[in-house]
Amino acid sequence: MRFDTVIIGGGLAGMACGIRLAEAGRRCAIVSQGQSAIHFSSGSFDLLGRLPDGQPVSDPVAGIARLAEQCPAHPYAVIGAENCTRLAGQVPALLREAGIRVVGDSRHNHFRITPMGKSKATWLTIEGYLTTDEPDKYPFRRVCIANIEGFLDFYPEFIAEELNRRGVECRFGNFNHPDLEKIRRNPSEMRSANIARVFDHDADLEALAEALRHQAAGCDALILPALIGLTRNDSLEFLRQRVGLPIHLLPTLPPSIPGIRAQQALQHRFRELGGEYFLGDSVLSAEIEHDRVRRIFTANHGNIPFEAEHFVLATGSFFSKGLVATPDRIVEPVFGADTLHTPNRAEWYTLRFFDRQPYQAFGVRTDPSLRVMKQGRPLENLYCAGAGLAGFHPVQEECGAGVSLLSALHVAELVLND
Ligand SMILES: Cc1cc2nc3c(=O)[nH]c(=O)nc-3n(C[C@H](O)[C@H](O)[C@H](O)COP(=O)(O)OP(=O)(O)OC[C@H]3O[C@@H](n4cnc5c(N)ncnc54)[C@H](O)[C@@H]3O)c2cc1C
């Protein structure tokens, strides 16, 4: 099989890169072995929430401009502040074209509310989710926080505690539905995706709206766990009209309905543009000649190779097995690429779980054009994008989705200009 570009990994980075290349008319394939981090995400995309020294960032564009001093190996510093600003400006349109409508802009972080009720700075949030411009200011004084009976991945009490501290009066609502009885028999089935399937039909949404209308009577607004809209875009509007109140969604613990929806929408957009998506297939090995990747081999296609002019490594970090830790090394399993890590395993992590963990900045070593290094030399037609890149701390710097999206768009431009 021959393509212009083959992308390995179908997470946020692989799909953004594939979409941009397919939009430019390139024949593109994505090979992806399984679920990606986006299935677990909050429905918000972070660009930069903190500098490496811990200072909070309110203007991500200004923060990115300061990264080169503090951390020259950070992917944003490698891509360049001007490129980052330009590419960040393209992301809302890329998402919108895929049917994912977001609020937010790259000059001003807003705040989203976590499943535990805390405010967290972020860049873009899918429409319908509760966001605020300032951490202490909510668009309501008296709110009803509703939950499904027996759903354990959402914590109304914690959320109410946080809101009460900021002067918001909270009331709890609980709703049920006969179809939920089947999944309730087994507590491990009471997960967001299974519940959301129940509320994908008009009649079931009507019943939900009826229950919510009674429970939220006298409140200014309603907070609902993100358990609607698995396969349709209009569920929230449907409920808002019938309940007659502003309704704000909050993310639940994973699996994440906004994440699953975003994954499906991006995948659909890629295919609509003519891209070929090989889901459930793993790239196992590659043939490299004269510093160029010639072909790759996958589990499902056996000895039928994928050949291309360019390849993109977007296999993610440890979470997606794009990086693997052995007792003494960090390994990139497909190409045996060079990785950046400290040699002494005792220095890979600190014992305090929430501290800045050194291993999180480990990743694939690249040249300044994000070409993957192997045995000290760049592979001329293999680029790396996304969470597998070295040099950043996605959790502490609150930049995970931003690095994946911006590096993917940057790599797409490098491929198009090669
Ligand atoms: C649980 C979790 C939640 C997160 N939530 C957020 C959030 O709410 N907001 C935010 O801004 N950031 C969040 N992040 C940060 C996240 O890293 C980025 O947002 C981004 O989604 C990473 O995308 P990616 O495409 O780079 O990598 P991944 O999403 O890890 O995708 C890599 C893909 O490559 C595939 N793959 C791996 N090896 C192979 C192979 N050999 N062959 C074929 N396919 C392969 C994997 O199956 C996977 O599909 C979260 C991260 C995690 C782990």
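The values are calculated or read from the model by the stated rules, or taken from the named source; none is laboratory data. Quick caveat: nothing in here was measured; it's all calculated off a predicted structure. Using ideal geometry, Cβ is built from the backbone for each residue, glycine included, and neighbour counts are taken over all protein chains shown.
If you check 99, 150, 54, 128 for being surrounded by 19 or more Cβ atoms within 10 Å (Cβ to Cβ), at positive phi and not aromatic (Phe, Trp, Tyr), only one passes: 128. Residues in region 366-418 that are of a type in the set (Val, Ile, Thr), outside any helix (DSSP H, G or I) and buried (at least 24 other Cβ atoms within 10 Å of the Cβ): 366, 372. Being out of contact with any helix residue (DSSP H, G or I) (no Cβ under 6 Å at 6 or more places or on another chain) and among the aliphatic types (A, V, I, L, M): is that true of residue 98 here? So residue 98 fails the test. Considering the conditions (1) touching a Lys or Arg at 6+ places or on another chain (Cβ under 9 Å); (2) within 16 Å of the ligand (Cβ to nearest atom); (3) among the β-branched types (Val, Ile, Thr), residue 293 is excluded by exactly one of them, (1).
Okay, residues lined up against (1) more than 18 Å from residue 38 (Cβ to Cβ); (2) in contact with a His (Cβ under 8 Å, 6 or more places away or on another chain); (3) in contact (Cβ under 8 Å) with a residue 24 or more places away in the chain; (4) not in a loop (DSSP other than H, G, I, E, B):
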position	(1), (2), (3), (4)
100	no, no, yes, no
111	yes, no, yes, yes
121	yes, yes, yes, yes
136	yes, no, yes, no
147	yes, no, yes, yes
152	yes, no, yes, no
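Taking residue 21 as the residue in question, decide whether it is in contact with a strand residue (DSSP E or B) (Cβ under 7 Å, 6 or more places away or on another chain), within 17 Å of residue 413 (Cα to Cα) and surrounded by 24 or more Cβ atoms within 10 Å (Cβ to Cβ).
yes
Restricted to region 154-181, and to residues there that are modelled with pLDDT under 90 and not in a strand (DSSP E or B), the residue that is farthest from residue 199 (Cα to Cα) is 181. Residue 131 fulfils the conditions (1) within 16 Å of the ligand (Cβ to nearest atom); (2) of a type in the set (S, T, N, Q); (3) in contact with a helix residue (DSSP H, G or I) (Cβ under 7 Å, 6 or more places away or on another chain) except for a single criterion, (3). Among the residues of region 399-409, the ones that are farther than 17 Å from residue 359 by Cβ, near the ligand (Cβ under 10 Å from one of its atoms) and either outside the structural domain of residue 333 (by TED's automatic domain parsing) or of a type outside the set (Gly, Ala, Ser) (or both) come to 1 in all. For region 299-335, residues that are in a strand (DSSP E or B), away from the ligand (no atom under 15 Å from the Cβ) and of a type outside the set (D, E, K, R) total 1. Pairing residues of region 44-66 that are touching a residue at least 60 places away in the same chain (Cβ under 8 Å) and assigned to a loop (DSSP other than H, G, I, E, B) with residues that are small (Gly, Ala, Ser) and surrounded by fewer than 19 Cβ atoms within 10 Å (Cβ to Cβ), at Cβ distances under 6 Å and at least 6 apart in sequence or on separate chains, gives no pairs at all.
When region 194-209 is limited to residues that are small (Gly, Ala, Ser) and in contact with a helix residue (DSSP H, G or I) (Cβ under 8 Å, 6 or more places away or on another chain), the one that is farthest from residue 261 (Cα to Cα) turns out to be 209. Among (1) modelled with pLDDT of 95 or more; (2) within 25 Å of residue 405 (Cβ to Cβ); (3) surrounded by 14 or more Cβ atoms within 10 Å (Cβ to Cβ), which single condition is residue 324 missing? Tallying (1) modelled with pLDDT of 95 or more; (2) within 25 Å of residue 405 (Cβ to Cβ); (3) surrounded by 14 or more Cβ atoms within 10 Å (Cβ to Cβ), residue 324 fails exactly one: (3). Counting the residues of region 351-398 that are more than 16 Å from the ligand (Cβ to nearest atom) and modelled with pLDDT under 95 gives 4.
Considering 280, 274, the condition of being among the small types (Gly, Ala, Ser) and within 16 Å of the ligand (Cβ to nearest atom) is satisfied by 280 alone. Each residue in region 182-220 was checked for being touching a Gly at 6+ places or on another chain (Cβ under 7 Å) and at pLDDT below 90, and 2 pass.
Please work out which residue is surrounded by the fewest Cβ atoms within 10 Å (Cβ to Cβ), limiting yourself to region 234-254 and to residues that are aliphatic (A, V, I, L, M) and within 21 Å of the chain's Cα centre (by Cα). Filtering region 234-254 for residues that are aliphatic (A, V, I, L, M) and within 21 Å of the chain's Cα centre (by Cα), the one surrounded by the fewest Cβ atoms within 10 Å (Cβ to Cβ) comes out as 253.
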